[in-house]
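The structure appears right after this line, and notes come after that.
The values are calculated or read from the model by the stated rules, or taken from the named source; none is laboratory data. Since this is a predicted model, take the numbers as computed values, not measurements. Every residue, glycine as well, gets a Cβ built from its backbone with ideal geometry; the counts of neighbours run over all protein chains shown. Only protein heavy atoms, including side chains, enter the accessible area calculation; ligands, DNA and RNA are left aside. Shrake-Rupley method; radii C 1.70, N 1.55, O 1.52, S 1.80 Å.
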Amino acid sequence: MARIVMKFGGTSVADLDRIKNVARHVKREVDAGHEVAVVVSAMSGKTNELVGWVQNTPKVAGADHSIYDAREYDAVVASGEQVTSGLLAIALQAMGINARSWQGWQIPIRTDNAHGAARILEIDGGEMVRRMQEGQVAVIAGFQGLGPDNRVSTLGRGGSDTSAVAIAAAVKADRCDIYTDVDGVYTTDPRIEPKARRLKKIAFEEMLEMASLGAKVLQVRSVELAMVFKVRTFVRSSFEDPDAPGMGDLLNPPGTLICDEEEIVEQEVVTGIAYAKDEAQISLRRLADRPGVSAAIFGPLAESHINVDMIVQNISEDGSKTDMTFTVPSGDVEKALRVLGENRDKIGYDVIQNESGLVKVSVIGIGMRSHAGVAATAFRALAEKGINIKAITTSEIKISILIDGPYAELAVRTLHSCYGLDKS
Ligand code: ADP
Ligand code: ASP
Ligand code: MG
């Protein structure tokens, strides 16, 4: 007997038939004698619809650029998961399984006050565990929690993954299975590169980089929690026949295990390629080349919660003037330009330029730590395809390259094949 947390994403609960199919996956584990908690997302497309409604609400009279109250955003967008948790509990009951739905506030899943992007602080799993021990399946609405203001909070897009891993840690589950519309983590997004290969295992550090550099198969925070709390997390498909052989395997279920790097026997130099669309580049021209200029630029941007990523500063020819170029998400360009405009006197630039619609493509692999020439291989391969590089950043286990948007798919495929990741 084991304790298992099963999470089902939006496409897995997209309609009543798929919810019935999910119920069959749950039944398989219940019939095997396991204690089960289930975490569900909203039906696919639902959260986008809810977010769209909120974004189209009229602005508060007199407000300059505030768009809406984040507490009410959460009140609206958390509703999608409420629906699917209830529907799945009903589907399970119809199969004769003792099941009960739970909203974030009922458990409660305590979060901080950052409405719209809250972090889980504490989960009181006591009552849930007691009921699981009595054979009741807990069906939990993912993505949502309860803020310190006793209002519903949400965990940021893709946050149900994080709900699942956090609950698995809180109830000391033996395993957390993230069921989605692909059968595991691939060497790159299989929708972009059909030659991508499924990985049997991927190290926490690599999955963290993949997720934060754009692979949306897991929310970044869920990987952090799995790493810190040592939650045995698998990514697997909900579309496979729930009763196919091996689906109920306790130790080696089909899918990809996210694990410590020591568990990976054959470590490749490069494990995967990720990409993030909608990057924008801002350049400040002819800045004074003096101490404090970076602080004058990036301080106000940070205070405005603008996430600056790649930063490139040119060396000034005569030691007096320089250019600074950096990237921000496309959605933040207007805000960034406004903040920089407001601070123009303090920063002291001549002109400001910006370009949207760029893409960041990244090469990820723990093996890079001990191999030279990984970056040069990427640059050569991209050059051969005529793809121009706008900026580069590197760390111990990744290389990120900024390119023009229209080249995204070609760049992903080129990098995927130049490191021999294509399936044979
Ligand atoms: P869910 O709704 O189940 O949470 P998501 O859409 O959030 O599912 O995540 C699954 C999607 O992530 C896949 O359909 C796939 O297109 C995408 N994806 C991006 N990179 C990868 C990768 N390296 N491996 C697997 N899937 C990936
Ligand atoms: N439904 C939420 C979203 O679309 C949470 C999730 O699916 O993980 O972002
Ligand atoms: Mg997701």
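Alpha carbon centre of the range 376-392 versus the range 235-305: separation in Å?
What the calculation gives is 21 Å, centre to centre.
Over the chain, calculate the relative contact order: mean separation of alpha carbon pairs under 8 Å at least 6 apart, over the residue count, as a percent.
After rounding, I find 14 percent.
Rounded to whole Hz and in sequence order, give me ³J(HN,Hα) for the range 90-103 from the Karplus expression 6.51 cos²θ - 1.76 cosθ + 1.60, θ = phi - 60°, writing x for Gly and Pro.
So the J values, rounded to whole Hz, are 5, 4, 5, 4, 5, 8, x, 9, 6, 9, 9, 7, 9, 8.
For each pair in Lys335/Lys390; Lys200/Lys360; Lys172/Lys230; Lys216/Lys277, compute the distance between the two Cα atoms and list the pairs where it is over 18 Å.
Table pairs above 18 Å Cα-Cα are Lys335/Lys390; Lys200/Lys360.
Given N residues in the chain, what is Rg(Cα) / (2.2 N^0.38 Å)?
For the chain, the normalised Cα radius of gyration is 1.06.
Students sometimes get this wrong: rank Arg191, Arg236 by accessible area, probe 1.4 Å, all chains present, largest first.
Result, largest first: Arg191, Arg236.
For the range 169-296, what are Rg and Dmax over the alpha carbons, in angstrom?
Rg, Dmax (Cα atoms, Å): 18.8, 67.
To the nearest 0.05, what FRET efficiency results for Phe379 and Glu263 with a Förster distance of 25 Å applied to their C-beta separation?
Between Phe379 and Glu263 the formula returns 0.20.
Return the long-range amide H neighbours of Tyr186 (sequence gap of 5 or more, or a different chain), with a cut-off of under 5 Å between placed amide H atoms.
Leu199
Give the carbon-plus-sulfur fraction of the accessible surface of the range 241-321 in %, rounded to a whole number; probe 1.4 Å, heavy atoms of protein chains only.
50 percent
Note down the nm distance, to one decimal, between modelled labels 7 Å out along Cα→Cβ at His371 and at Lys346.
Result: 4.5 nm between the two label points.
So how far apart, in nm, are the two label points at Arg338 and Ala114 if each is 7 Å from Cα heading toward Cβ?
Going from the Arg338 label point to the Ala114 one covers 2.1 nm.
Want the number for Ser237 to Glu317: 0.36 nm per residue separation, take away the alpha-carbon distance, what's left? Spell out each step's value before the answer.
Values: separation 80, 0.36 × 80 = 28.80 nm, distance 5.58 nm.
Once the chain is fully extended between Ser237 and Glu317, it gains 23.2 nm.
Under the Kirkwood approximation applied to all pairs of distinct alpha-carbon atoms, what is the hydrodynamic radius of the range 1-116 in Å? Walk me through the intermediate numbers first.
On the way: mean 1/r = 0.0629 Å⁻¹.
Answer for the range 1-116: a Kirkwood hydrodynamic radius of 15.9 Å.
Please work out, to two decimal places, the log10 of the ratio I(q)/I(0) at q = 0.14, 0.17, 0.19, 0.21 Å⁻¹ from a Debye calculation in which every Cα of the range 86-238 carries one identical scatterer.
Log-scaled intensity ratios, in q order: -0.73, -1.03, -1.21, -1.35.
Take every Cα pair under 8 Å in the range 144-302 that's 6+ residues apart, average their separations, divide by the length, and report that relative contact order as a whole percent. The partial results should precede the final answer.
On the way: 215 pairs, mean separation 41.6, N = 159.
Relative contact order comes out at 26 percent.
Given H placed on each backbone N at 1.01 Å, which residues far from Ser101 in sequence or on other chains put an amide H within less than 5 Å of it?
Counting only residues 5 or more places away or on other chains, the set is Val139.
Explain nothing, just compute: Karplus ³J(HN,Hα) = 6.51 cos²θ - 1.76 cosθ + 1.60, θ = phi - 60°, for every residue of the range 355-361 in order, whole Hz, x for Gly and Pro.
9, 9, x, 9, 9, 9, 10
Between Trp53 and Glu396, 0.36 nm times their residue separation minus their Cα-Cα distance comes to what?
119.3 nm
Roughly how many nanometres apart are two label points built 7 Å out from the Cα toward the Cβ at Ser424 and Asp31?
According to this spin-label approximation, the distance is 3.9 nm.
Give, in nm to one decimal, the length gained when the segment between Glu303 and Met1 is fully stretched (0.36 nm per residue of separation minus the Cα-Cα distance).
Separation in residues times 0.36 nm, less the Cα-Cα distance, equals 103.7 nm.
Given a 1.4 Å probe and the protein chains all in place, what does the accessible area of Asp174 round to, in Å² to the nearest 10?
Approximately 90 Å² of Asp174 is accessible to the 1.4 Å probe.
Quick one: Cα centre-to-centre distance for the range 12-52 and the range 330-362, in angstrom?
42 Å
State, as an integer percentage, the relative contact order of the range 340-409 based on alpha-carbon contacts under 8 Å between residues 6 or more apart.
Value for the range 340-409: 40 percent.
Per 10 Å bin, what is the whole-percent P(r) computed from every C-alpha pair distance within the range 307-404?
12, 36, 32, 17, 3
Would you rank Val129, Val171 by solvent-accessible area, highest first, keeping every protein chain in place and using a 1.4 Å probe?
Result, largest first: Val129, Val171.
As an exercise, use a Förster radius of 22 Å and the Cβ-Cβ distance of Asp174 and Lys200 to find the FRET efficiency, rounded to the nearest 0.05. Provide the component values of the computation, followed by the final result.
Details: r = 19 Å, r/R0 = 0.88.
Computed FRET efficiency for Asp174 and Lys200 comes out at 0.70.
Using r as the Cβ-Cβ distance of Ile90 and Ala244, and R0 as 35 Å, what FRET efficiency do you calculate, to the nearest 0.05?
That pair, Ile90 with Ala244, gives E of 0.85.
Go through the range 113-130 residue by residue and turn each phi into a ³J(HN,Hα) via Karplus (6.51, -1.76, 1.60, θ = phi - 60°); whole Hz please, and just put x for glycine and proline.
For the range 113-130, the Karplus curve yields 8, 7, 3, x, 8, 6, 10, 6, 9, 7, 10, 8, x, x, 5, 4, 5, 4 Hz.
For Lys195, give me every one of the lysines with a C-alpha distance below 16 angstrom, ignoring sequence neighbours fewer than eight places off in its own chain.
Within reach: Lys423.
Would you kindly state the longest site-free stretch of the chain, with sites defined as GluC sites (Glu not before Pro) in a DSSP loop (not H, G, I, E, B) surrounded by at most 10 other Cβ atoms within 10 Å?
Formally, the longest exposed-site-free interval is 1-133.
Collect residues whose amide H, placed 1.01 Å from N in the peptide plane, falls under 5 Å from the amide H of Ile178; neighbours closer than 5 in sequence don't count.
Answer set, sorted by chain and number: Lys7, Phe234, Val235, Arg236.
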